[in-house]
1. Amide H neighbours of M147 under 5 Å, at least 5 residues apart or on other chains, H built in the peptide plane: list them.
2. When only Cα pairs under 8 Å and 6 or more residues apart are kept, what is the percent relative contact order across the chain?
3. Of the DSSP beta bridges with both residues in the stretch 4-289, give the percent that are antiparallel, rounding to the nearest 5.
4. Cα atoms only, the stretch 152-198: Rg and Dmax in Å?
5. Just to be sure I understand: with springs between alpha-carbon atoms less than 10 Å apart, which residue in P217, P278, P97 has the highest mean-square fluctuation in the Gaussian network model of the chain?
6. Taking Cα Rg over 2.2 N^0.38 Å as the quantity of interest, determine which of (i) 0.91; (ii) 1.00; (iii) 0.96 was computed from the displayed structure.
7. Taking the stretch 24-138, how much of its Cα-Cα pair set, in percent, is spaced more than 22 angstrom apart?
8. Taking H placed 1.01 Å from N in the peptide plane, check which residues at least 5 places from K176 or on another chain put their amide H under 5 Å from its amide H.
Amino acid sequence: MKPTLLILAAGMGSRYGGLKQMDELGPKGESIIDYSVYDAIRAGFGKVVFVIRSSFAEAFESRFEPRLKGKVETEYVFQELENIPAEFTVPEGREKPWGTGHAMLMAKDVIHEPFAIINADDFYGREAYESAFRFIQQHPDANQYAMVGYPLKNTLSDYGTVSRGVCETDNEGYLKDITERTKIGKENGDIFFYEGENKTRLSGNEPVSMNFWVFKPSFFDHLQNGFNKFMSEKGQELKSEYYFNTCADQTIKSGLATTKVITTNAQWFGITYKEDKPKVQNSIQQLTQQGIYPADLWRP
């Protein structure tokens, strides 16, 4: 059975100012999602599951279905604020869903095979998908996971702060700890993460999670248990979010699973702010000129 690619595409792009999931960046109007799916198919993935919002489902499907039909199996699931277990309620005034862990749970009923999970607005590079596919082929154990890690300094924006999961590994390359830093930025050539009035310098060489992980279906049980605990403790807060990174970290520390950090030389770039767009377009143009991607990605 071929593995699945799960794409988190429900974010509304508040800092970006629009649906960056569908922004045209390639020579024939391709989005970053197009390149992610193209690389996944080349690597050997057989299905793509999109986590989206119902408010833009029609526009999203009408764009991607013609491109992907006959090339890969597709499924669509929806992340909405009210999609939570029946014993919990949405607090008055909450506007956004509950984070990446909540988004991932929307796919638990349609994924029954090993899978990789990615962000819709991050360009991970061909090598990353090939590495993920190899790991799945070589590690069939239900409790062996993996994360594709990138050096922090290569994942920042020139136009504002970013959120990153900063990782610590053991001598064999297995993940020991991951800390979600929601505000990392550059200042006078140095890199800091900010917490209120405090700031802490980082070297820039720390491996970080860009939300490219490899999981087995067993992870959904851990995720659901963790989300239920989160909702019991923080479900009435207006802005708290549940990250699947956090669940993975807790699963590792409890001894229920291991996670190998796959270091990659693949080129990463992404869009957080509108000002990032020209740089991404230029990077894609260079990769196209180098022959890594065809000028018309989905040409028959």
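1. V214, K260, V261, I262
2. On the way: 542 pairs, mean separation 77.1, N = 300.
Reported as a whole number, the value is 26 percent.
3. Numbers: 29 of 51 bridges.
Once the DSSP bridges in the stretch 4-289 are tallied, antiparallel ones form about 55 percent.
4. Rg and Dmax of the stretch 152-198, Cα atoms, are 12.2, 36 Å.
5. P278
6. (iii)
7. Working: 2610 of 6555 pairs.
Percent of Cα pairs beyond 22 Å in the stretch 24-138: 40.
8. E168, T169, D170
Only the coordinates and a few stated rules stand behind these numbers; no lab work does. Note that the structure is a prediction, hence the values are computed from the model and not measured. Note: ideal-geometry Cβ built from the backbone for every residue, glycine included; neighbour counts use all protein chains shown.
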